[in-house]
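Have a look at the structure below, then the notes.
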Amino acid sequence: MLDKLKDLEKEVLKMIGGVESVTGLETIRIKYLGRKGELTAFLRSLHKMAEPKRRTIGRKANELKKKIEKTIDDNKTLLQKGLIEGKVKEEWIDVTQSGTKRLLGHLYPVTQAIEEIRCIFESMGYEVVDGPEVEDDYHSFGALNILPEHPARDAWDTFYLTNGLLMRPHTSPVQIRTMKKRKPPLRFIVPGRVYRYEAEDATHLSVLHQLEGFAVDSNISFADLKGTLLSLMRSLFGKKTKLRFRPSFFPFTEPSAEVDVTCVVCGGKGCRSCGGDGWVELLGAGMIHHQVLRNVGYNPEKVSGFAFGIGLDRIAMIKYRIEDIRDLMKNDLRFLRQF
Ligand code: DAH
């Protein structure tokens, strides 16, 4: 019997020594010490044995049981520690190492200009509206007093679609849509994309951005238009900026003007970027034509308004000193990252 126990001891310890996983050890424990385990069965069979043999063998068997339990537990602890150490080694991170820098993008230059202008107008109580880029003839021209036979139509080189609609060549149609929907007093700006059938060069694009603005109230005068535009341009380009109003013609305003600002590069002295003139043309403006007010159901005896349309790409070009407007459309990161 004692020999049998000795053999069992050897066998079990050898097995434990050869096992490299916690689950492997657990299998061994079950095999020998579990409810149906070999050593358990041996211990159970002891009662058949006669004293004093039973006592000696029983003690030896119990000692062996404890030894096996302890060895298994010790080895488990060692293995677990090894596992943890391995993990720690594997998953070690150097918290002092400098991180990889995340590339931060930024807004497109024209969007930056829109945001800046929007803030300025919001501070003057203006709301922002939007309108469709695919427009109809009535809102683009008719309601704006640009009649079909009028040669002024040629000024807007329009992309016509095959379904009778068109790509809006200016943001002015949104004046009509907004005035029809709302009642004065109105103060609105409309930033948006417009389309022109045009050969592109350093100063012309066929997809460009405009910002329409208009105010209608019981007593709006040309002085309000001047004051509003002067505040805008001074906020954008600095306190010394001056404006020049040149008489012009737009079918939807009377009187109409084209508005220039002093060149930001030379301050008005004349340089290469303003063509030696000292002035840069930025927008068209005027008092909303009585016929336009009537077209939207307003009474020109009671209300008056001003309107203007700014070329946003132009503003971005001046602000960021961009020489070729086409660069804005090339989507070249080397160019865009500068702003
Ligand atoms: N819509 C004009 C254009 O695209 C710009 C313009 C001029 C808008 C005068 C206005 C305005 O609202 O009053 O050329």
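The values are calculated or read from the model by the stated rules, or taken from the named source; none is laboratory data. Predicted, not measured: the structure shown is a model, and the values here were computed from it. Positions of Cβ are backbone-derived with ideal geometry, glycine not excepted, and every protein chain shown enters the neighbour counts. The area values use the complete protein model at the heavy-atom level, side chains included, leaving out ligands, DNA and RNA. Shrake-Rupley method; radii C 1.70, N 1.55, O 1.52, S 1.80 Å.
Numerical summary
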{"item": "Single residue of Gly238, Gly276 found to be more than 37 Å from the chain's Cα centre (by Cα) and more than 23 Å from Arg153 (Cβ to Cβ)", "result": "Gly276"}
{"item": "Selection from region 34-81 of residues that are of a type outside the set (Lys, Arg), surrounded by 15 or more Cβ atoms within 10 Å (Cβ to Cβ) and within 17 Å of Leu2 (Cβ to Cβ)", "result": "Leu39, Phe42, Leu43, Leu46, Ile57, Gly58, Ala61, Leu64, Ile68"}
{"item": "Filter result (assigned to a strand (DSSP E or B) and open to solvent by 10 Å² or more (accessible area, probe 1.4 Å)) within region 284-294", "result": "Gly284, Met287"}
{"item": "Identity of the residue in region 235-272, assigned to a strand (DSSP E or B) and among the small types (Gly, Ala, Ser), that ends up farthest from Ser123 (Cα to Cα)", "result": "Ser248"}
{"item": "Only one of Arg314, Arg272 that is under 27 Å from Leu205 (Cβ atoms), within 16 Å of the ligand (Cβ to nearest atom) and modelled with pLDDT under 90", "result": "Arg314"}
{"item": "Residue match in region 106-115 (condition: free of Cβ contacts under 8 Å to residues at least 60 places away in the same chain, open to solvent by 30 Å² or more (accessible area, probe 1.4 Å), part of a helix (DSSP H, G or I) and among the β-branched types (Val, Ile, Thr))", "result": "yes"}
{"item": "Index of the failed condition, Arg326 passing every other in (1) closer than 19 Å to Pro169 by Cα; (2) in contact with a helix residue (DSSP H, G or I) (Cβ under 7 Å, 6 or more places away or on another chain)", "result": "(2)"}
{"item": "Residue satisfying all of: in region 147-178; touching a strand residue (DSSP E or B) at 6+ places or on another chain (Cβ under 7 Å) and under 13 Å from Val216 (Cβ atoms); surrounded by the fewest Cβ atoms within 10 Å (Cβ to Cβ) among these", "result": "Thr178"}
{"item": "Tally of residues being among the polar types (S, T, N, Q), under 18 Å from Gly305 (Cβ atoms) and touching a residue at least 60 places away in the same chain (Cβ under 8 Å) across region 222-257", "result": "2"}
{"item": "Output for region 196-217, where each listed residue is farther than 17 Å from Met317 by Cα and either within 11 Å of the ligand (Cβ to nearest atom) or in contact with a Gly (Cβ under 6 Å, 6 or more places away or on another chain) (or both)", "result": "Arg196, Glu212, Gly213, Phe214, Ala215, Val216"}
